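A.B. asks: Pasting a structure below so you can have a look.
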Amino acid sequence: PASVVKELVENSLDAGAARIEIEIENGGKSKILIKDNGQGMAKEDILLAIQRHATSKISAAQDLFAIKSLGFRGEALPSIASISKMTIISKARNTADSEPGTEVIITGGKVEKSAVAPSSEGTSILVEDLFYNVPARLKFLKKDVTELGQITSIIAKFIIGHPQVAFLFKSNHKVILQSPGANTLNQQAYLSAITVIFGAKIVKKMKPFEFISSFVKLKGFLAAPGETKIDRTGQYIYVNNRFVSNMAISKAVGEGFRNRIPGGRYPICVLFLELKPEDIDVNVHPTKREIKFLKQQEIFNEVLMAVKNTFSKFDSSEQAVQLIYKDPFVRMQSQHVQVSEKNISKQESFLKADELHSMIYAQTSAIDTAYPEARQGLYPVAQINKTYIVALDGEDLVLIDQHVAQERILYEQFKEKLINKKEDIQELLIPETIELTPEQSSVLNQEKEFLLSVGFRWEDFGQQTILLRGVPQVLTRQIPKQIFIDILDELSAQGASFQKEKKQEEMLKMLSCKAAIKAGEILTIQEMRQLLIDLEKTTNPHTCPHGRPIIVSVTKEELDKKFNRS
């Protein structure tokens, strides 16, 4: 269904439409309707367009190397007609108002009816019962909500790439996306279209840029470094108004954001590149989404330079992203001592041995008091590289990966609550307003039951917007809004690939991984100890749910051997 929508909308755009309406039912399986106010077609053109190898949008062989239209082979319409029940109603532009249009009905590729019909200028194509005559292919269609998500993603790309066109997208009579269109293709037109997809909050922090060289015109919008995603789905890249995927451009954007966003996060951006058609090859992939550049390295350099130059427009406070977490696992009192730099002398720069010993003794004594079992099992003494906990287990030395350790803990906690249907919800004092992308909105509806079962609570707050009111209790250390968005993005990217019988388990693993402490987070001794106590209570403290090791042990005998002790 998504491919059908893509091909038909591209035809409407190539026909010069200023308004395009898309309606689907049951994920596009039973109905896809595309209406536009483009050039339209006369009767003879419709009958020709549904024949294989009969039409093309190019007129000479050399045009293959300078393609300007979104489509050019003329094969989509007959291909779609051959596996569906199709009705085309069209009227050519600049014909008299009194003249009727033409209706052609095709079933399985055969013309059943051709007659005059009332019609306004433009074309309406109705596709029903997709794959009705190919049952083997019909079985491989995904759930309605999954197909809807894929179609929504495609429409979103059209909306941003063609802001001058007014789009209206409905599913089962409900408006999913709607863009206003624009009479003038200016910066405000682009921002209005981008707002439909990303929401006003992100767009307010976007900075525009424009760069022109001898072979490329580059313009676009970069979101602030604080607005990131877990994958590249927030990157909309267009070359000559065609949405494309090109790793060189994506890497250039990522390189431009280096040291400004956390590792494992990807920037949000909208880029438009204009090149001579002969400088690109759009025939790399059948969908024409992947392209090659004649001057790939030069394109990389230009994009990188444009991104770096744009950062001068951001406030200094936005140039470094700091993740601030809420209450730690264990709340302990601490004393804050302010030391004047003037009062520090060279002799006083180092602690004496007895002072250091007293500090360590005081801290470990506090742990023993807070945890009666502190001297049993794993006992933390330090943290290495903000990633690994150094602990003692009797006379043995133990290293624990803090991220995978808590991943195991959270996985078992989530699983127990799911099995026992226990609600352990932390209500947010101030609900978080979240503006969803079309993909996030789709997956939220698809996985609503699972997200509710693990403790998330939200309510609708307008089109594409929700109020997050509650999160699982175990997430109190995390930023609720960010982790909820990350989970939706992860489900959007991978959810469709989960096998049905393993889907819930895979989602629990993903949720645990996203919610767990990350490498690079500083933990206090008290937090480390609590983590180890919780780890020892799990059924498998040795590996995380994905199979990665949690603990590496070095026995006293192994240490003695390393130091040549007998």
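The values are calculated or read from the model by the stated rules, or taken from the named source; none is laboratory data. Just so it is clear, the structure is predicted and the values come from calculations on it, not from any experiment. Ideal geometry is used to build each Cβ from the backbone, glycine not excepted, and the neighbour counts take in all protein chains shown.
A.B. asks: Just name the residue that is modelled with the lowest pLDDT out of those in segment 285-302 that are surrounded by 15 or more Cβ atoms within 10 Å (Cβ to Cβ) and among the aliphatic types (A, V, I, L, M).
C.D. replies: Filtering first and then ranking leaves ILE291.
Each row is one residue, and each column tells you yes or no for (1) surrounded by fewer than 17 Cβ atoms within 10 Å (Cβ to Cβ); (2) among the charged types (D, E, K, R); (3) touching a residue at least 60 places away in the same chain (Cβ under 8 Å); (4) touching a strand residue (DSSP E or B) at 6+ places or on another chain (Cβ under 7 Å).
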{"site": "GLY520", "(1), (2), (3), (4)": "yes, no, yes, no"}
{"site": "GLN526", "(1), (2), (3), (4)": "no, no, yes, no"}
{"site": "GLN530", "(1), (2), (3), (4)": "no, no, yes, no"}
{"site": "ASN540", "(1), (2), (3), (4)": "yes, no, yes, no"}
{"site": "THR543", "(1), (2), (3), (4)": "yes, no, yes, yes"}
{"site": "VAL554", "(1), (2), (3), (4)": "yes, no, yes, yes"}
{"site": "ASP560", "(1), (2), (3), (4)": "yes, yes, no, no"}
{"site": "ARG565", "(1), (2), (3), (4)": "yes, yes, no, no"}
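A.B. asks: Oh, and also: Taking PRO431 as meeting all but one of (1) outside any strand (DSSP E or B); (2) at pLDDT 85 or above, write down the number of the exception.
C.D. replies: Single failed check for PRO431: (1).
A.B. asks: Pull out all pairs, ordered by first then second residue, where Cβ-Cβ is under 6 Å, the residues are six or more apart or on different chains, the first lies in segment 164-179 and is closer than 14 Å to VAL196 by Cβ, and the second is surrounded by fewer than 22 Cβ atoms within 10 Å (Cβ to Cβ) and among the charged types (D, E, K, R).
C.D. replies: Once the first residue is closer than 14 Å to VAL196 by Cβ and sits in segment 164-179, its partners that are surrounded by fewer than 22 Cβ atoms within 10 Å (Cβ to Cβ) and among the charged types (D, E, K, R) give ALA166/ARG19; LEU168/GLU21.
A.B. asks: Could you list, in sequence order, all residues of segment 6-28 that are over 14 Å from ILE125 (Cβ atoms) and either in contact with a helix residue (DSSP H, G or I) (Cβ under 7 Å, 6 or more places away or on another chain) or assigned to a helix (DSSP H, G or I) (or both)?
C.D. replies: Once the filter is applied, which keeps residues that are over 14 Å from ILE125 (Cβ atoms) and either in contact with a helix residue (DSSP H, G or I) (Cβ under 7 Å, 6 or more places away or on another chain) or assigned to a helix (DSSP H, G or I) (or both), segment 6-28 yields ASN26, GLY27.
A.B. asks: I would also like to ask the following. Do the conditions hold for LEU271, that is, is it more than 25 Å from ALA193 (Cα to Cα), modelled with pLDDT of 80 or more and not small (Gly, Ala, Ser)?
C.D. replies: No: the conditions fail for LEU271.
A.B. asks: I'd like the residue in segment 202-251 that is touching a Leu at 6+ places or on another chain (Cβ under 9 Å) and among the aromatic types (Phe, Trp, Tyr) and, out of all such residues, is surrounded by the fewest Cβ atoms within 10 Å (Cβ to Cβ).
C.D. replies: PHE215
A.B. asks: Using the structure shown, decide if PHE140 is touching an Asp or Glu at 6+ places or on another chain (Cβ under 7 Å) and modelled with pLDDT under 90.
C.D. replies: no
A.B. asks: Also: With ILE425, ILE419 as the choices, which residue is surrounded by fewer than 19 Cβ atoms within 10 Å (Cβ to Cβ), over 21 Å from the mean Cα position of the chain (by Cα) and in contact (Cβ under 8 Å) with a residue 24 or more places away in the chain?
C.D. replies: Among ILE425, ILE419, only ILE425 is surrounded by fewer than 19 Cβ atoms within 10 Å (Cβ to Cβ), over 21 Å from the mean Cα position of the chain (by Cα) and in contact (Cβ under 8 Å) with a residue 24 or more places away in the chain.
A.B. asks: Of the conditions (1) assigned to a loop (DSSP other than H, G, I, E, B); (2) polar (S, T, N, Q); (3) within 27 Å of LYS139 (Cα to Cα), GLN39 fails just one. Which one is it?
C.D. replies: GLN39 satisfies all of (1) assigned to a loop (DSSP other than H, G, I, E, B); (2) polar (S, T, N, Q); (3) within 27 Å of LYS139 (Cα to Cα) except (3).
A.B. asks: Does segment 448-481 hold any residues that are touching a Ser or Thr at 6+ places or on another chain (Cβ under 7 Å) and hydroxyl-bearing (Ser, Thr, Tyr), and which are they?
C.D. replies: THR465
A.B. asks: Restricting segment 14-27 to residues that are closer than 20 Å to PHE243 by Cβ and at pLDDT below 95, which is surrounded by the fewest Cβ atoms within 10 Å (Cβ to Cβ)?
C.D. replies: The residue in question is GLY16.
A.B. asks: Sort out for me the helices (runs of 4 or more DSSP H) sitting completely within segment 119-203 that have 1 or more residues that are within 17 Å of the chain's Cα centre (by Cα), over 30 Å from LYS85 (Cβ atoms) and of a type in the set (A, V, I, L, M).
C.D. replies: 144-161, 187-198
A.B. asks: Let me ask something else. Here is a check on your reading of the model: is GLY254 surrounded by fewer than 22 Cβ atoms within 10 Å (Cβ to Cβ) and part of a helix (DSSP H, G or I)?
C.D. replies: Spelling it out, GLY254 is indeed surrounded by fewer than 22 Cβ atoms within 10 Å (Cβ to Cβ) and part of a helix (DSSP H, G or I).
A.B. asks: Okay, moving on. Check segment 391-412 and report whether any residue there is without any contact (Cβ under 8 Å) to a residue 40 or more places away in the chain and either touching a Gly at 6+ places or on another chain (Cβ under 9 Å) or part of a helix (DSSP H, G or I) (or both).
C.D. replies: No, segment 391-412 has no match at all.
A.B. asks: What tally of residues in segment 220-251 results from selecting those that are assigned to a loop (DSSP other than H, G, I, E, B) and either out of contact with any helix residue (DSSP H, G or I) (no Cβ under 9 Å at 6 or more places or on another chain) or over 15 Å from GLU290 (Cα atoms) (or both)?
C.D. replies: Number satisfying all stated conditions: 8.
A.B. asks: Check SER3 against each of (1) assigned to a helix (DSSP H, G or I); (2) within 24 Å of the chain's Cα centre (by Cα); (3) buried (at least 17 other Cβ atoms within 10 Å of the Cβ) and name the one condition it does not meet.
C.D. replies: (3)
A.B. asks: Could you check segment 457-566 for helices (runs of 4 or more DSSP H) lying wholly inside it with 1 or more residues that are at pLDDT 85 or above and under 25 Å from the mean Cα position of the chain (by Cα)?
C.D. replies: Qualifying helices (runs of 4 or more DSSP H): 480-494, 503-515.
A.B. asks: Would you call GLY254 out of contact with any strand residue (DSSP E or B) (no Cβ under 6 Å at 6 or more places or on another chain), modelled with pLDDT of 90 or more and more than 21 Å from ILE434 (Cβ to Cβ)?
C.D. replies: So GLY254 fits the description; yes.
A.B. asks: Give just the number: which of (1) part of a strand (DSSP E or B); (2) touching a residue at least 40 places away in the same chain (Cβ under 8 Å) does LYS113 not satisfy?
C.D. replies: With respect to (1) part of a strand (DSSP E or B); (2) touching a residue at least 40 places away in the same chain (Cβ under 8 Å), LYS113 is out only on (2).
A.B. asks: Report, ordered by the first and then the second residue, all pairs with beta carbons closer than 6 Å, sequence separation of six or more or different chains, a first member in segment 126-151 that is surrounded by fewer than 17 Cβ atoms within 10 Å (Cβ to Cβ), and a second member that is part of a strand (DSSP E or B) and charged (D, E, K, R).
C.D. replies: Here the result reads GLU128/LYS31; GLU128/LYS85; ASP129/LYS85, each pair linking segment 126-151 to a residue that is part of a strand (DSSP E or B) and charged (D, E, K, R).
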